[in-house]
Amino acid sequence: MSGPLAIGVDVGGTHLRAGLVGADGRIGPLVRRPSEVAAAGPLVAAVAAAVAELDATAGRPLPVGLGVAGLVDRTGTLRYGPNVGVRDAPLGDLLTTALAGRRVRVVNDASAAVVGEHRAGAARGHDDVVLLTLGTGVGGGVIVDGRLLTGAHGFAGELGHLVIAEHGRDAPSGIPGTVEAYTSGTAIAREADEAVAAGRDGARRADAPAVVAAAAAGEQWAADVLTTVGERLGIAVASVVAVVDPSIVVIGGGAGDAAAPFLLPAARRAFAAHLLGADHRPQAALVPALLGDDAGLIGAGLLAADVDHPA
């Protein structure tokens with residue numbers, strides 16, 4: 001990697017990962033710790049301990065970027081997170097104090113991930129980018145004219161919570177009928193259940209990784225499940241593209257990365273079929289992410305390294 005510019009931290013529901021991030025987006029040694037997400041104090045302490053360990057490796061204190069799942073406002077306050085107990089916590093201010101006043105940037109994890117893919121991954125060279133991360137739920141991030149779209153309050157880019165079916169399926173967020181209700185890893189498992197209920201030959205109840213493994217092994221029921229989810233993903237992408245007009249749409253997240261060979265062909269067909277004027281406009285590329293689990297960590301670090309903190 002190039003010389004480290006910052007420390008990137010990605011907070012999950014059970015663990016956090018932190019690493020040194022260079023200007024080229026490469027990361028150095030990784031530190032893993034329990035994320036302690038039940039309250040702000042233990043979470044800040046866990047992040048500060050990881051940062052101290054990486055400071056020793058870098059030989060100097062570095063800016064810190066933190067990506068966390070949830071609504072993070074423009075001041076770095078985590079207002080709400082679906083998988084964390086912390087609420088209305090000024091994480092940016094708390095970390096700045098815990099780290100003796102150094103520069104800290106706190107953002108939504110998918111917003112951090114789109115920055116990572118934009119600057120060092122699948123969307124490098126593109127100025128207008130959409131990222132959808134498919135996991136337990138669906139996260140999103142948007143780059144417009146080369147800058148992260150944050151919105152008036154910092155909450156822009158929550159693409160997984162677009163409602164696409166009124167009174168539709170339940171979603172991990174608790175809001176029915178959203179994109180994540182139909183395209184997430186949770187949705188893949190639900191489709192497997194429905195294949196069993198429909199009596200599909202060979203179908204069995206399975207989580208998303210097991211469905212992907214079955215499809216890779218040639219089991220047609222599993223490939224059909226992923227095709228169905230991919231079609232719904234393509235419809236969602238068409239709606240987002242109609243608003244944002246990106247040149248590239250990146251699909252990542254744990255389920256998105258694993259299922260991409262099966263999801264993306266169906267998604268591309270459905271996207272083209274549902275995009276206004278598809279035959280009369282350049283069509284955004286729909287591609288898999290490149291950075292995997294590291295996208296958010298890299299993006300958070302690169303945002304922290306931006307001296308003027310652009311949105």
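The values are calculated or read from the model by the stated rules, or taken from the named source; none is laboratory data. Everything numeric in this text was worked out from a predicted model, so none of it was measured. As a convention, Cβ positions derive from the backbone with ideal geometry for all residues, glycine included, and neighbour counts pool all protein chains shown.
So that you can scan it fast, the table gives a plain yes or no per residue for (1) part of a loop (DSSP other than H, G, I, E, B); (2) buried (at least 24 other Cβ atoms within 10 Å of the Cβ); (3) in the same structural domain as Val241 (by TED's automatic domain parsing); (4) in contact with a Leu (Cβ under 6 Å, 6 or more places away or on another chain):
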| site | (1), (2), (3), (4) |
| --- | --- |
| Ala49 | no, no, no, no |
| Thr57 | no, no, no, no |
| Gly65 | no, yes, no, yes |
| Gly85 | yes, no, no, no |
| Gly92 | no, no, no, no |
| Thr96 | no, no, no, no |
| Ala110 | no, yes, no, no |
| Thr133 | no, yes, yes, no |
| query | Does segment 112-131 hold any residues that are assigned to a helix (DSSP H, G or I) and of a type in the set (Val, Ile, Thr), and which are they? | reply | Val114, Val115
| query | So which pairs qualify, if the first residue must be in segment 180-207 and among the hydroxyl-bearing types (Ser, Thr, Tyr), the second must be surrounded by 23 or more Cβ atoms within 10 Å (Cβ to Cβ) and assigned to a helix (DSSP H, G or I), the Cβ gap must be under 6 Å, and the two must be at least 6 apart or on different chains? | reply | Thr183/Val229; Thr183/Leu233
| field | Extreme residue, surrounded by the most Cβ atoms within 10 Å (Cβ to Cβ), among residues of segment 227-243 that are within 16 Å of His161 (Cβ to Cβ) and touching a Leu at 6+ places or on another chain (Cβ under 8 Å) | value | Leu233
